[in-house]
Each structure stands twice: as C-alpha cells, then as structure tokens.
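These notes concern the structure reproduced below.
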Amino acid sequence: MFSLSFWGRNIGIDLGTINLRIYLDKRGIIINEPMIAAYNNKTNKVLAFGVEAKKMLERAPAYITVMKPIQNGVISDFELTEEIIRHFLKKVSSENSFLGYRKAVVGVPNSLTEVERKSVEDAVRGAGVFEVYLVDKCLAASLGARLSINEPTANMMVDMGGGATEIAILSMAGSVITRSLKISGDRLNEDIIRFAREDFKLAIGELTAEEIKLKIGSAIPISEKLEMYVRGKDLVTGLPKEVLMKDMQVRSAMSRSLKTIVDSIREVLEAAPPELSGDILKRGIFISGGTSLLRGISDLIARELLVQITMVEDPITCVARGTGVILENLKKYIPILDNPLKPRDINI
C-alpha cells in the first residue's frame, strides 16, 4: 500500500528573521516574502502576510498588531510561524491542489538548541509537510555558492542575515568551528534609530532606518559623499520634523556593531587548527546574507583580518539555493542533516 508521503513535492526553506524564502524542487525559489504578519485583535484572525503586512508596520491602528514571529533566528511565536508558512505553501500549491509537500529541508542557525530545532520541525510539519530535515545555514550557504564542501580543505562562511550573523569553518561536509552572533541587519537598524533619537531628537521607525542604511549607509569611508533628508517625529515638540543625515553619521552609528561582527570572525579564525588556517588564507572568507550588501563591509573585514573576502553570487538567496542543492541530492547529503556530532562552538 502506498503511503500518502509518496505523492507531493519537495521544498527548501530559508526561515529567516526578516524574510521567508521557499525553494520548490525543479522550479527554484518561488517565494521571497517578509516573515511578518498583521493580526486583528478584535477578530483574532490574521489580516495579511508578507509584503502586504509589512506595509502596515508602524502604520496600523491599535487593534491591528504587526508581528515578526522569529527573533534573532529563533521562533518566538510558534503558532504565527506555522500560520505564515502554511499561507505561503497554500499559495504555491494553488497551481495544483492535489499534490501536497513530501519533504522539506530547512536552513536554521547553528546555535539553536534541541528544543528550538524541534520547534522549527513542528512548525513546518504543522504547515503541511510530511518529513522535515534541518541544515545549518552556513552549510546551506556554502552549497548555494557551489563551494566544494566534501573535500578535506577549509571553507569559511559568514552568513549575515537580518537577525543573526552565522560564522563557520567547514571541512569534509561538516562544521569544524561555529559562532552565532545576534548582531546583524536588525541591530544596525536599531543603531540608526538610536542615533537619530540621541543626536537629532528625532523618532524614526524601522522602515525609515532600513531605508537610511540602504541609501547612505557604509562600513568604511567612501569617496562619494551621501546624504538624505529623514522625516520623523520631533521628540521635543511632538510635531513632524525633517533633518539632513549624512553617510559619516550613519557609519558612526553602526560602527560598534560592525566592530563586534569583525571581532567575532577574528575569534573563529584564531580558534581554527593550523592546517585549516592555511586553507583559509589561500581561499579567503566567503560572505552571504543581506547585510553582506552593505557598502564596504567586505573591505572592512579584509582590512581588519588581512584575509581575502569574497561575496557569493546572489548572497540574499544563497541559503535557499543551498537547500535546493540538498533536495536534488538528498541521499548524498543525509550525513549533513542527520549528523549528531556538534562542531566546536566558541560562544562565550
């Protein structure tokens, strides 16, 4: 007798703090939406998901709560996470409602505890998937970048997402040393919000801070002088206010968080075995994730660590593409998914 799991499609999921990306077997990435939902407290129903919900962020009336169910790579609202995944899986399956989802490979931070990993598995299963496999994001990013991870040589990957920075030295299809840091794109936004409040007495929202970071933010001084007018609420008068913000001010606001990221990468390098250190010096460090697109961040890391930095192709979707590589060769990569041995974690 055939099991129901025989029928269906396989998917890869990059379950990020900021975005949810879904890779459909033999199709590629078919969902790339904000990991966010708008909830109506009066009716106890979700009003909107993804892009539509993000438009409501800090603009909705009191009875609508716009929520991000994942914080720093960890599920903080299990039910809402399951609801968001289910919504987008239904959106994909609307093309062919007969087939469900058989297997899913999910990219997760390497620092998750067994309980947190179990919550990810349960959320994806609850959304309608029969079998769920988890893979560390740095491993998935390396596969998405088409690096040769099976050889006895080092690949160092730094995945800088929205909620966390994942650092790993990989060799022979496994993580040798890892470090997870809850500082990345979201923290840089918070730095900008804090700077505007303290220096300009101006209250700005998360979306405005993100826009500032993208338009005039940089990790190191750049030849082109950038500036933009920023609108918000005057903390003194309570009235709308506009100020001119310059790139050097934004850079100064983010400098402490960027230094913490660089110092964490240095700590992982210092903990590496000598042979792997030699490999890293030869091959360099690979970076991925949305925060890797910040102007000058690769130059900052290279200058501080004296190691070549290479940004992978299409760094934002690298983890999702890596889950797709695993799906297409699931038997080959089962040891990556099911290996019970933990790498050395140098979290302090």
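No lab work stands behind these numbers, since they all come straight from the coordinates. A quick note: this is a predicted structure, and the numbers were derived from the prediction, not measured. Counting neighbours? That spans all protein chains shown, and the Cβs are built from the backbone with ideal geometry, glycine included.
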- Under the Karplus relation 6.51 cos²θ - 1.76 cosθ + 1.60, θ = phi - 60°, what is the ordered set of whole-Hz ³J(HN,Hα) values for the range 48-54, x standing for Gly and Pro? 8, 10, x, 4, 4, 5, 5
- Note on the structure: Counting only DSSP loop positions in the range 1-86, the chymotrypsin sites (Phe, Trp or Tyr not before Pro) whose Cβ has at most 13 other Cβ atoms within 10 Å are Phe2, Trp7, Tyr63
- Item | Backbone HN-Hα couplings from phi across the range 181-189 [Karplus 6.51/-1.76/1.60, Hz, Gly and Pro as x] | 10, 7, 9, 6, x, 4, 5, 5, 4
- Rounded to the nearest 0.05, what FRET efficiency is calculated for Asn150 and Ile222 with R0 set to 30 Å and r the Cβ-Cβ distance? 0.15
- Query: Excluding same-chain residues fewer than 8 positions from Lys118, which aspartates and glutamates have a Cα within less than 18 Å of its Cα?
  - Reply: Asp14, Asp77, Glu79, Glu82, Glu83, Glu131, Asp136, Asp338
- Exposed trypsin sites (Lys or Arg not before Pro) being those in a DSSP loop with at most 15 other Cβ atoms within 10 Å, the longest stretch of the chain free of them is 226-348
- Query: Is there a pair in Lys45/Lys90; Lys137/Lys225; Lys55/Lys259 whose C-alpha atoms are over 24 Å apart, and which pairs would that be?
  - Reply: Lys137/Lys225; Lys55/Lys259
- Considering only Gly238, Asn189, Ser223, whose Cα is most displaced toward the positive end of the charge dipole of the range 185-253, charges sitting on Cβ of Lys, Arg (+1) and Asp, Glu (-1)? Gly238
- Message: Quick check for me: using +1 on Lys/Arg Cβ and -1 on Asp/Glu Cβ, what's the dipole size of the chain about its Cα centre, in debye to the nearest 20?
- Response: 560
- Message: About the Cα centre, and with charges only on the beta carbon of Lys, Arg (+1) and Asp, Glu (-1), how big is the dipole of the range 15-174? Nearest 20 debye, please.
- Response: 560
- Please give the length that would be gained between Lys45 and Met248 if that part of the chain were fully extended, namely 0.36 nm times their separation in residues minus their C-alpha to C-alpha distance (nm, one decimal). 68.7 nm
- Give me the percent of DSSP beta bridges within the chain that run antiparallel, rounded to the nearest 5. 65
- Where the only charges are on Cβ atoms (+1 Lys, Arg; -1 Asp, Glu), what is the dipole of the range 15-101 about its Cα centre, to the nearest 20 debye? 200
- Note to self, the chain gives a 222 nm [θ] from helices alone (DSSP H runs n ≥ 4, -39500 (n - 2.57) apiece, / all residues, nearest 500) of -12000 deg cm²/dmol
- Note on the structure: Phi angles of the range 315-331, converted by Karplus (6.51 cos²θ - 1.76 cosθ + 1.60, θ = phi - 60°) into ³J(HN,Hα) in whole Hz with x for Gly and Pro, give x, 5, 9, 4, 5, 4, 5, x, 5, x, 4, 5, 4, 6, 9, 4, 4
- Note on the structure: The answer for Ile309, listing residues at least 5 apart or on another chain whose modeled amide H is closer than 5 Å to its amide H, is Ile285
- Note on the structure: Interchain or sequence-distant (5+) residues whose placed amide H lies within less than 5 Å of the amide H of Tyr133 are Ala104, Val105, Val106
- Query: In terms of Cα to Cα distance under 18 Å, which lysines are near enough to Lys201, apart from those fewer than 8 places away along the same chain?
  - Reply: Lys233, Lys241, Lys246
- Query: Where in the chain lies the longest segment free of GluC sites (Glu not before Pro) that are both loop residues by DSSP (not H, G, I, E, B) and have at most 11 other Cβ atoms within 10 Å?
  - Reply: 96-223
